[in-house]
Structure formats: structure tokens, C-alpha cells
Amino acid sequence: MKIFGTSGIRGGIVEKVTPNLALDLGRALGTFLEGKGTVGVGTDARTSNEMLKNAFISGIVSTGTDVVDINRAPMPTTASHSTMEIVSASVIITASHNPPSDNGFKFFRGGREFIRTEEVFLEGRVKDRNFRVAGWSSIGKVSTWDIRPSYFRRALDFVLERGEKADEMRVLVDTANGAACDYTPHLLRELGFRVTTVNSNPDGHFPGRLAEPSPSNLEDTMRMARDGDFAVTIAHDGDGDRIAVIDEDGRFIDQNRIIALFAKDEVERNGGGRVVVSIDTSSVIDEVVSAVGGSVVRVPLGSLQETFELPWRDDIIFASEPWKPIFVRFGRWMDGIVGAARISQMVAERGNGSCITLMKSIPEYPILRENVPCPDAIKPKFLAKVKELLVPEFSGIEQILEEDGIRIERNDGSYVLVRVSGTEPKARLYIGAKTQNTLDMIADTARIIMKQARDDLSQ
């Protein structure tokens with residue numbers, strides 16, 4: 001039974017993430033910890049959080065493990081809590097950018113998300129219901145704690161190591177009525193920014209906009225950015241691990257360019273190092289990072305945390321999936337709040353108060369992302385068939401990556417990635433190139449090949 005996806009557990013509170021599952025997950029985690037230590041538990045702003053949190057805490061304490069309830073807190077602060085000596089693990093109850101009807105769980109140890117072997121342990125215990133049970137006199141205790149001061153202190157120290165306080169530069173922040181409402185605006189004000197907020201009251205119905213900070217969901221925010229006098233605009237998802245950036249003209253900045261900007265800065269500060277990114281990222285990152293003496297490693301979606309267990313983990317100085325930066329020298333979790341502080345600080349110092357000026361240092365190339373219907377029944381053979389048909393169509397192939405789909409990289413900087421969805425009857429197509437003509441040529445070829453592969457396998 002596979003409960004975990006590529007980023008924790010998510011699903012509807014009626015169909016999947018029920019109080020019964022929450023109770024069993026608490027029991028499984030307490031069993032994993034052998035009834036010892038303390039678990040920190042935080043939530044985002046969703047309406048189902050109290051229901052799930054109470055069931056989850058009941059499961060934990062039934063094993064003899066103590067709980068610290070940190071109440072509503074963004075994912076980055078909950079993850080940071082897991083680095084404290086008295087804490088054995090931390091968990092946030094959140095469904096990130098999913099609809100308000102969903103909820104879920106993310107587990108952390110030592111500042112990183114649980115890796116697959118740890119998830120498998122929890123899944124196994126939930127399946128066979130082989131839980132540790134404490135006696136009446138050794139049931140775990142529950143206490144509460146305000147995590148805000150310690151997180152702000154650490155975040156301020158990290159950001160101020162990299163730059164100065166601002167001088168009243170104006171920043172617009174859209175926190176999606178989520179858990180970062182009380183965090184990002186506060187941190188930016190502490191850094192000297194003049195902050196205007198939108199969708200800044202926590203509300204699990206997400207009344208201002210849908211939680212995913214995508215261009216289609218940020219039209220009103222982009223209009224405010226264009227019509228107002230803001231040097232940069234920041235938008236989050238429901239739990240604050242994601243960051244979207246909008247410039248002063250109201251234009252949404254491609255995530256790959258933001259990753260490249262952060263990665264370049266960290267590589268320069270550390271005199272080199274590895275940048276680890278997910279398979280669906282653009283080659284603009286490679287171009288920018290290699291120019292300052294760093295190297296890029298691509299890994300499957302959802303497996304960034306696994307790299308922190310590898311022998312070369314100490315060489316990693318930055319990691320990211322689209323939207324979700326990991327500032328390794330700060331912590332091994334995805335942190336849109338610190339990301340908001342750093343991009344604002346860089347706009348003030350390097351862009352002279354202009355996000356457009358700052359981003360001129362990062363090339364802007366065309367990209368394409370789209371879905372193609374792909375029946376579940378043919379998925380096991382689909383990628384191999386695509387590779388067989390697609391590779392001969394391209395010249396100048398530099399390398400082929402097959403860890404999570406099939407990614408063909410060419411020596412002109414273009415690439416094409418085909419993956420299959422794990423949850424829907426779709427295949428995903430990602431393309432990047434330095435010119436629109438090259439991108440269009442690759443897209444036309446890839447669409448024909450994917451359709452041919454689908455038709456051949458469906459016969």
C-alpha cells in the first residue's frame with residue numbers, strides 16, 4: 001500500500017486523508033521512534049486541520065511519544081523545528097497548493113523530509129497495524145510552543161549574512177490566506193522593507209485565490225503589481241514552501257530563472273559546489289551555474305531529500321524544484337519565506353530597487369509544458385517506446401537522462417523531457433530551447449512521436 005506521493009501525503013479528507021488515517025499515521029510514527037523523544041506538530045490554515053491534528057496527536061501519544069503542538073506554522077518553520085535537539089521529528093498537516101477540500105502530511109527529521117525508506121516503514125505499519133502501545137502510566141505528554149521567535153532569529157541571521165537591511169523599498173506579498181501570513185510580511189519588515197499584503201488573513205477556504213501561485217491564479221496580484229509602486233511582488237502557496245516572483249511591470253518570472261538566480265548567488269558565495277535540481281528544470285540553470293564554477297545534478301521529482309544522504313552531500317550548496325528553493329547553508333527544507341527575503345534583498349542591492357534590472361543577469365529562454373493523454377495501461381512501456389522513436393529524430397544529442405522519464409539534452413542548450421503522471425492518465429511534455437523556432441520544431445516532433453507511441457501500444 002503506497003500512501004506517500006512525491007511530496008508527502010495528500011488527498012481529499014473524505015476519500016483518503018481521514019481522521020482514521022491520521023490516527024494510524026501517529027501510531028506508525030510513534031512506533032518508528034520506539035516511543036521515545038518528542039514530535040513537533042504544525043498545521044497550515046485548512047479547515048480540517050484541528051480534526052486531523054487531534055487524531056494524529058492521539059496516535060503519537062498512544063505509543064509513549066511526547067508531542068509539542070506548534071499550532072499554525074508554515075512548512076519551513078515546522079521543518080526547522082525538527083533540527084532542535086529535543087525534537088525527534090516534526091510533522092506539518094498540509095496539502096500545500098491543493099484545493100481546500102484536501103489535506104495531508106509531511107514528515108521531517110533533522111531538517112529534511114522523510115526519505116523513501118522511512119516512508120515505507122510508516123506505510124508498512126499502517127497496512128499491518130502493528131503499532132507500539134504504551135501502558136496507561138507511560139502515555140506521551142502534549143505541550144505547546146511558539147516557534148516564531150526561533151525561526152525569525154535564524155532566518156534574519158542567514159539573510160543578513162548575505163546582504164544589508166533595505167531602506168523602505170516597497171514589496172507586495174500575497175500569502176494566499178495560508179500559513180505564511182504571519183511570517184513573510186514580518187520577516188521583510190524586520191529587514192527594512194515597506195510591505196503591502198494581499199490575501200493575508202489565514203483562511204482555509206482560500207477566499208482570495210486558489211493556493212497554487214501560478215500565473216492563472218495570480219492575475220489580480222499581477223495587476224496590483226503593475227498598477228502599484230512595488231519593486232517586486234512575492235506570492236506563496238498554502239504552506240509557504242513555494243515562492244512565485246512578479247516584477248514591477250506585473251510579469252510573472254519563470255521559475256527556472258529564479259532557481260538560476262539563487263543558485264548562482266550561492267555558488268559564487270561558496271566558491272563552487274553542486275546545485276541539485278529536479279528533472280523538469282531548464283538548462284538555463286546549467287548555463288548560469290557553470291559560468292560561475294558550479295555544477296548541476298538532476299534527480300527525479302520528489303527525490304531532492306534523498307541526495308542529502310549521499311556521500312557527496314557536503315558538496316551541495318543549493319537545491320530546488322520549481323517554486324521550492326532549498327538554501328542548504330540555512331537548512332535542508334524548501335523555504336519560500338527565506339526565498340522571499342533573499343529575492344527582495346537582491347532586488348534592493350543588485351537591482352537598485354528594480355526586479356527587472358536584477359533579472360537581466362539571468363537569460364530568458366522560451367519553455368513549454370503540456371500534457372498528452374496516456375492511458376494507464378500503456379504507461380509501463382510508454383517511455384521506452386518514446387525513447388525508441390524520439391532519439392533518432394534529433395542530432396547533436398549531448399546526453400540522455402532516464403531516472404524519471406526520458407530527457408534528451410542537445411548541445412545547443414535545448415532539451416525535451418517526457419514523463420508519465422503517477423496519478424492521472426497523462427504523459428507530461430517539457431521542452432526548453434534558446435529560440436522559439438527551435439522549441440517549436442522540438443514540440444512538433446515530440447507531439448507526433450508521443451501520439452505514435454501511444455497508438456502503437458494501444459493496438
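The values are calculated or read from the model by the stated rules, or taken from the named source; none is laboratory data. Note that the structure is predicted; figures quoted are calculated from it, not measured. With ideal geometry, Cβ positions are generated from the backbone for all residues, glycine too; neighbour counts draw on all protein chains shown.
Take the stretch 169-207 and flag every residue that is part of a helix (DSSP H, G or I) and either charged (D, E, K, R) or outside the structural domain of Val159 (by TED's automatic domain parsing) (or both).
Listed by number, the residues that qualify are Asp182, Arg189, Glu190.
Do you know which residues across the stretch 354-389 are part of a helix (DSSP H, G or I), more than 19 Å from Thr445 (Cα to Cα) and in contact with a Gly (Cβ under 7 Å, 6 or more places away or on another chain)?
Of everything in the stretch 354-389, those that are part of a helix (DSSP H, G or I), more than 19 Å from Thr445 (Cα to Cα) and in contact with a Gly (Cβ under 7 Å, 6 or more places away or on another chain) turn out to be Thr357, Leu358.
Of the residues Thr6, Thr77, Thr65, Thr31, which single one is touching a residue at least 40 places away in the same chain (Cβ under 8 Å), hydroxyl-bearing (Ser, Thr, Tyr), buried (at least 20 other Cβ atoms within 10 Å of the Cβ) and under 23 Å from Met334 (Cα atoms)?
So the residue among Thr6, Thr77, Thr65, Thr31 that is touching a residue at least 40 places away in the same chain (Cβ under 8 Å), hydroxyl-bearing (Ser, Thr, Tyr), buried (at least 20 other Cβ atoms within 10 Å of the Cβ) and under 23 Å from Met334 (Cα atoms) is Thr77.
When you check Gly228 against the structure, is it outside the structural domain of Thr77 (by TED's automatic domain parsing) and either buried (at least 24 other Cβ atoms within 10 Å of the Cβ) or free of Cβ contacts under 8 Å to residues at least 12 places away in the same chain (or both), yes or no?
Here the answer is no, as Gly228 does not meet what is asked.
If only one of Val288, Val297, Val284, Val267 is buried (at least 18 other Cβ atoms within 10 Å of the Cβ) and in contact with a strand residue (DSSP E or B) (Cβ under 7 Å, 6 or more places away or on another chain), which one is it?
Val267
So for the stretch 180-188 (the condition being touching an Asp or Glu at 6+ places or on another chain (Cβ under 7 Å) and surrounded by fewer than 20 Cβ atoms within 10 Å (Cβ to Cβ)), does at least one residue qualify?
no
Looking only at residues in the stretch 136-163 that are part of a loop (DSSP other than H, G, I, E, B) and touching a helix residue (DSSP H, G or I) at 6+ places or on another chain (Cβ under 8 Å), which one is surrounded by the fewest Cβ atoms within 10 Å (Cβ to Cβ)?
Among them, the one singled out is Lys141.
Among (1) of a type in the set (A, V, I, L, M, F, W, C); (2) under 22 Å from the mean Cα position of the chain (by Cα); (3) surrounded by fewer than 13 Cβ atoms within 10 Å (Cβ to Cβ), where does Leu417 come up short?
Here Leu417 meets the rest and fails (3).
Can you tell me which residue is nearest to the chain's Cα centre (by Cα) among those in the stretch 164-179 that are at positive phi and crowded, with 17+ Cβ neighbours inside 10 Å?
My answer is Ala176.
Taking the conditions exactly as written (out of contact with any Ser or Thr (no Cβ under 7 Å at 6 or more places or on another chain), crowded, with 24+ Cβ neighbours inside 10 Å and on the phi < 0 side of the Ramachandran plot), does Leu25 satisfy them or not?
In short, yes.
Can you pull out the strands (runs of 3 or more DSSP E) entirely within the stretch 1-74 that have at least 1 residues that are modelled with pLDDT of 95 or more and either in contact with a strand residue (DSSP E or B) (Cβ under 7 Å, 6 or more places away or on another chain) or in the same structural domain as Lys106 (by TED's automatic domain parsing) (or both)?
Per the criteria, 38-43, 66-72.
One residue is enough: does the stretch 418-433 have a residue meeting the conditions more than 21 Å from Ser458 (Cα to Cα), part of a strand (DSSP E or B) and in contact with an Asp or Glu (Cβ under 7 Å, 6 or more places away or on another chain)?
The answer is yes; a qualifying residue exists.
Just for the stretch 439-459: of the residues that are within 14 Å of Lys381 (Cα to Cα) and acidic (Asp, Glu), which one is surrounded by the fewest Cβ atoms within 10 Å (Cβ to Cβ)?
Within the stretch 439-459, the match that is surrounded by the fewest Cβ atoms within 10 Å (Cβ to Cβ) is Asp455.
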